[in-house]
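The values are calculated or read from the model by the stated rules, or taken from the named source; none is laboratory data. Note that the structure is predicted; figures quoted are calculated from it, not measured. When we count neighbours, we look across all protein chains shown, and the Cβ atoms used for this are built from the backbone with ideal geometry, even at glycine.
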Amino acid sequence: GENVEQHPSTLSVQEGDSAVIKCTYSDSASNYFPWYKQELGKRPQLIIDIRSNVGEKKDQRIAVTLNKTAKHFSLHITETQPEDSAVYFCAASIRDTGRRALTFGSGTRLQVQP
Amino acid sequence: SQTIHQWPATLVQPVGSPLSLECTVEGTSNPNLYWYRQAAGRGLQLLFYSVGIGQISSEVPQNLSASRPQDRQFILSSKKLLLSDSGFYLCAWSASLWGAYNEQFFGPGTRLTVL
């Protein structure tokens with residue numbers, strides 16, 4: 001089955017700096033890669049996703065890149081703010097399968113220092 | 001728009017007691033439904049998923065079970081809780097349309113403490 005590795009496990013940056021979180025996946029058939037943000041005690045929230053037919057997607061200060069050949073994808077947050085502090089999870093899945101389940105990475109705890 | 005509800009929000013139960021957590025989705029039909037567990041400070045572990053009424057797939061063998069008695073209702077149960085069952089239980093849904101990408105949306109969660 002699919003295996004998703006995520007790193008780093010913790011990341012501390014100064015406010016205004018950029019943060020990058022990287023994930024690798026094992027199943028070359030995976031074609032959907034979402035990112036979730038989870039604040040303390042809250043539910044994970046989908047913040048951005050990318051499909052295998054594109055290499056990059058941006059939404060204001062966040063962007064995701066995908067390298068299908070190398071089987072890795074990354075989350076980029078620019079101009080970080082204290083409210084970006086949270087745990088971020090990457091995930092991968094295969095479209096058009098009966099299982100339709102996401103395989104999650106182990107999470108990255110991002111702390112933005114004011 | 002779609003909304004997902006879970007209850008109770010928090011629960012404290014003694015070891016060996018039964019468990020029933022409920023999840024309901026509004027605003028969509030025939031969703032795929034999922035139960036995840038998150039131990040403190042850890043990642044998301046998929047427990048069960050369902051693609052239709054009465055159809056349950058188990059990802060991890062354990063003392064938990066799931067049922068889907070109605071299209072938009074998903075229940076997680078246990079006959080006898082273990083200490084290791086403590087955690088944050090999250091229900092999620094995704095659209096089941098063939099060809100749809102698997103965007104999953106999570107409910108608010110149930111925080112279970114087994115003493």
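Filtering the stretch A:34-69 to residues that are of a type in the set (A, V, I, L, M), assigned to a loop (DSSP other than H, G, I, E, B) and either surrounded by 18 or more Cβ atoms within 10 Å (Cβ to Cβ) or within 9 Å of chain B (Cβ to nearest Cβ) (or both) leaves nothing. Residues of the stretch B:4-12 include none that is closer than 22 Å to B:Ser96 by Cβ and surrounded by fewer than 12 Cβ atoms within 10 Å (Cβ to Cβ). The set of residues in the stretch A:9-30 being within 13 Å of A:Cys90 (Cα to Cα) and exposed (fewer than 13 other Cβ atoms within 10 Å of the Cβ) consists of A:Ser9 alone. Restricting attention to the stretch A:77-97, does a residue exist that is β-branched (Val, Ile, Thr), in a loop (DSSP other than H, G, I, E, B), under 26 Å from B:Leu46 (Cα atoms) and without any contact (Cβ under 8 Å) to a residue 40 or more places away in the chain? Within the stretch A:77-97 (the criterion being β-branched (Val, Ile, Thr), in a loop (DSSP other than H, G, I, E, B), under 26 Å from B:Leu46 (Cα atoms) and without any contact (Cβ under 8 Å) to a residue 40 or more places away in the chain), the answer is yes, since at least one residue qualifies. Taking the criterion of being part of a strand (DSSP E or B), within 10 Å of the chain's Cα centre (by Cα) and either among the polar types (S, T, N, Q) or within 14 Å of chain B (Cβ to nearest Cβ) (or both), would at least one residue in the stretch A:99-110 satisfy it? Yes, the stretch A:99-110 contains at least one residue that is part of a strand (DSSP E or B), within 10 Å of the chain's Cα centre (by Cα) and either among the polar types (S, T, N, Q) or within 14 Å of chain B (Cβ to nearest Cβ) (or both). Residues that are outside any strand (DSSP E or B) and more than 10 Å from chain A (Cβ to nearest Cβ) within the stretch B:37-52 comprise B:Ala39, B:Ala40, listed in sequence order. In the stretch B:83-112, the residue that is surrounded by the most Cβ atoms within 10 Å (Cβ to Cβ) out of those that are more than 8 Å from every other protein chain (Cβ to nearest Cβ) and without any contact (Cβ under 8 Å) to a residue 40 or more places away in the chain is B:Ser84.
Look at B:Leu115 and say whether it is surrounded by fewer than 13 Cβ atoms within 10 Å (Cβ to Cβ) and either within 14 Å of chain A (Cβ to nearest Cβ) or at pLDDT 95 or above (or both). Yes, satisfied. The lone criterion from (1) closer than 22 Å to A:Gly105 by Cα; (2) touching a Leu at 6+ places or on another chain (Cβ under 9 Å); (3) of a type outside the set (A, V, I, L, M); (4) in contact (Cβ under 8 Å) with a residue 60 or more places away in the chain left unmet by B:Ser17 is number (1).
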